[in-house]
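Colleague: Dumping the structure here so I can ask a few things about it.
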Amino acid sequence: WNSDYFHKTVLQTSESVEEPARIVPSMLFLLLVTCACIYFSLWKGLTTLSQVVYFTVSIPYFILFVMLIKGFTLPGAEIGLRYLVQPDWEKLKSIEIWKAATIQAIYSGGVGLGPLMAYAAARKANTKLVYTSIGLPMFNALTSIASAMTLFCFLGYMAEKKGVGITEVTEGGTDLAFVAYPSMMTTLAFPNLWSVLFFAMMFLTGIDCCFGGFDFIIMFLWNFFNLKNKMSRQ
């Protein structure tokens, strides 16, 4: 499993934008499956969504916890964790670093975005939103920290295994999730099991992110056109 396999065999991306577009059947099928999962999770509104998220939220956290514990036991994990927490003071002087961190914090927290407003409007009038508004960012931050620790434990393991610096095993963008992580899984005992757990976590987390965006649009259209019957929502 490497970058060439992911881009050329799995995604079947073209060499340039000048090449004629073509549909990849496997990708189309998986996209339709994903859309179907999202549709049937939202078609009755918060009634079905509240039941679905118990599974789609709790399972990824369980898998993340399992992978974090596994990461701690890997040789070289301390290299990755040290790299994670040890600051580079020169880079911290750059305004671009702080700008990127601020943008990420706002985006990750969903500040000012429609889904949070839509779901807040669905809460009971006597709900203590202060507790939610404090707890949600804290929970989000703890999740980010746990995810980062898991990632850098595995990166430290790969760095020690290859005998290179940790900066030489990191890949940015989609390659980090779909190339670097699966490559790490293949080096572990029971690689198929870890790969299934990882991609299950990715899939469930991905559709969780879609729920808010899609349901916000549906709720807006439903209320804007004053559609009160359930069939109109479906």
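Colleague: Please determine, by comparing only the residues of segment 118-176 that are charged (D, E, K, R) and touching a helix residue (DSSP H, G or I) at 6+ places or on another chain (Cβ under 8 Å), which one is farthest from Arg82 (Cα to Cα).
Modeller: Arg123
Colleague: Another one. Return the pairs, sorted by first residue and then second, in which the second residue is surrounded by 14 or more Cβ atoms within 10 Å (Cβ to Cβ) and of a type in the set (Ser, Thr, Tyr), the first residue lies in segment 1-13 and is under 15 Å from Ala180 (Cα atoms), the beta carbons are less than 7 Å apart, and the residues are 6+ apart or on different chains.
Modeller: From residues that are under 15 Å from Ala180 (Cα atoms), the pairs are Trp1/Ser183; Asn2/Ser183.
Colleague: Does at least one position in segment 95-103 carry a residue that is hydrophobic (A, V, I, L, M, F, W, C), within 30 Å of Tyr119 (Cα to Cα) and in contact (Cβ under 8 Å) with a residue 12 or more places away in the chain?
Modeller: No: zero hits.
Colleague: When you check Tyr131 against the structure, is it in a helix (DSSP H, G or I) and farther than 30 Å from Val169 by Cα, yes or no?
Modeller: Yes, satisfied.
Colleague: Also, I was wondering about something else. Restricting attention to segment 186-202, which residues are of a type in the set (A, V, I, L, M, F, W, C) and free of Cβ contacts under 8 Å to residues at least 40 places away in the same chain? So that I can check it myself, show each step before the final result.
Modeller: In the first step, residues of segment 186-202 are kept if they are of a type in the set (A, V, I, L, M, F, W, C); the result is 188-190, 193-194, 196-202.
The answer is Ala189, Phe190, Leu193, Val196, Phe199, Met202.
Colleague: Would you mind stating whether Leu227 is modelled with pLDDT under 85 and surrounded by fewer than 16 Cβ atoms within 10 Å (Cβ to Cβ)?
Modeller: Here the answer is yes, as Leu227 does meet what is asked.
Colleague: Being aliphatic (A, V, I, L, M) and more than 23 Å from the chain's Cα centre (by Cα) is the filter; apply it to segment 141-171 and report the residue that is surrounded by the most Cβ atoms within 10 Å (Cβ to Cβ).
Modeller: Only one residue tops the list, namely Ala159.
Colleague: Assess whether Thr187 counts as being at pLDDT 80 or above, closer than 28 Å to Tyr83 by Cβ and of a type in the set (S, T, N, Q).
Modeller: Spelling it out, it is not the case that Thr187 is at pLDDT 80 or above, closer than 28 Å to Tyr83 by Cβ and of a type in the set (S, T, N, Q).
Colleague: Additional query: Given the options Leu68, Leu46, Leu32, Leu81, name the one that is among the aliphatic types (A, V, I, L, M), modelled with pLDDT under 90 and either surrounded by 12 or more Cβ atoms within 10 Å (Cβ to Cβ) or at negative phi (or both).
Modeller: Details: Leu68 fails: modelled with pLDDT under 90; Leu32 fails: modelled with pLDDT under 90; Leu81 fails: modelled with pLDDT under 90.
Checking each option against the conditions leaves just Leu46.
Colleague: Just to be sure before I move on: is Ala159 modelled with pLDDT of 85 or more, of a type in the set (A, V, I, L, M, F, W, C) and under 19 Å from Asp175 (Cα atoms) in the structure I sent?
Modeller: Values: modelled with pLDDT of 85 or more: yes; of a type in the set (A, V, I, L, M, F, W, C): yes; under 19 Å from Asp175 (Cα atoms): yes.
Yes.
Colleague: Identify, please: which residue in segment 99-121 is loosely packed, with under 12 Cβ neighbours inside 10 Å and part of a loop (DSSP other than H, G, I, E, B) and is, among those, nearest to the chain's Cα centre (by Cα)?
Modeller: The residue in question is Val111.
Colleague: Across segment 13-25, which residue is farthest from Cys210 (Cα to Cα) among those that are surrounded by 10 or more Cβ atoms within 10 Å (Cβ to Cβ) and out of contact with any helix residue (DSSP H, G or I) (no Cβ under 8 Å at 6 or more places or on another chain)?
Modeller: Among those residues, the one meeting the criterion is Ser14.
The values are calculated or read from the model by the stated rules, or taken from the named source; none is laboratory data. This is a predicted model, so every value here is computed, not measured. Note that we place each Cβ from the backbone using ideal geometry, even for glycine, and neighbour counts take in every protein chain shown.
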